[in-house]
Every structure is written in C-alpha cells, then in structure tokens.
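Trainee: Quick one: this structure, given as structure tokens, is what I'll be asking you about.
Values quoted throughout were computed directly from the atomic coordinates according to the rules given, and no laboratory measurement underlies them. Only a predicted model underlies this, so the values are computations on that prediction, with no experimental measurement involved. Cβ sites come from the backbone with ideal geometry, for glycine too, and all protein chains shown count toward neighbours.
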C-alpha cells in the first residue's frame, strides 16, 4: 500500500484495517490489520479511506474519527466538518 509506505517514510505512525488483507509488507516492516473499533478510530489523528469496501460502516467511521480523508468518494452525502475529500 503506497500511501502507508509514504506516510511512514515521513515519520507517521501508521495502522490499517482491511478485511481482505490481514498482513501488509512495507519494505522491512510488516503491519497487521487492526480491529476497526470506535476507540481505534478516535485515537487516530487522521483516518484515510483508501478503498471503497462495502463492508465498512462509513457513517460510523466519520462519527468516531477526528479527521477523515476520503480518497474514494465514499463519504459523499454525509455532511460532517471532519471530512476532507480528495479533489474538493
């Protein structure tokens, strides 16, 4: 996942969740998918939505996260101050 690798190269602490990819190899580092809990969402500085899986409850993610960066347009139709959409 290029986004995760680039963020880590810039010094960000990165975790991820993907129901289809349980382990992610980033250069020398291996990441394991974390549980998508309200607590994990709230503790993140920014939640990046990089894929449009229909298994995600997008409204719950937006409600729990401090900031959401939507790269896929899945938050269209949700009116919230904590959403930044790619291209807007």
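Trainee: Quote the FRET efficiency, to the nearest 0.05, computed for residue 34 versus residue 85 with a Förster distance R0 of 22 Å and r equal to the Cβ-Cβ distance.
Mentor: 0.40
Trainee: Mind checking which of 67, 31, 41 has the largest fluctuation in a GNM of the chain, springs on alpha carbons under 10 Å?
Mentor: It is 31.
Trainee: In a Gaussian network model over the chain where Cα atoms closer than 10 Å are linked, find which of 14, 47, 62 has the largest mean-square fluctuation.
Mentor: Greatest mean-square fluctuation among the candidates belongs to 14.
Trainee: Taking springs between alpha-carbon atoms closer than 10 angstrom, which of 12, 65, 50 fluctuates most in the Gaussian network model of the chain?
Mentor: 12
Trainee: Run the helix sum for the chain: -39,500 (n - 2.57) per DSSP H stretch of 4+ residues, divided by residue count, reported at 222 nm to the nearest 500 deg cm²/dmol. Could the numbers behind the result be given before it?
Mentor: Details: 3 runs with 21 residues, N = 88.
Roughly -6000 deg cm²/dmol at 222 nm, from the helical runs in the chain.
Trainee: Follow-up. What is the Cα radius of gyration of the stretch 1-79 over 2.2 N^0.38 Å, N being its residue count? Can you show the working numbers first?
Mentor: Numbers: Rg = 12.5 Å, N = 79, 2.2 N^0.38 = 11.6 Å.
Computed over Cα atoms of the stretch 1-79, the ratio equals 1.08.
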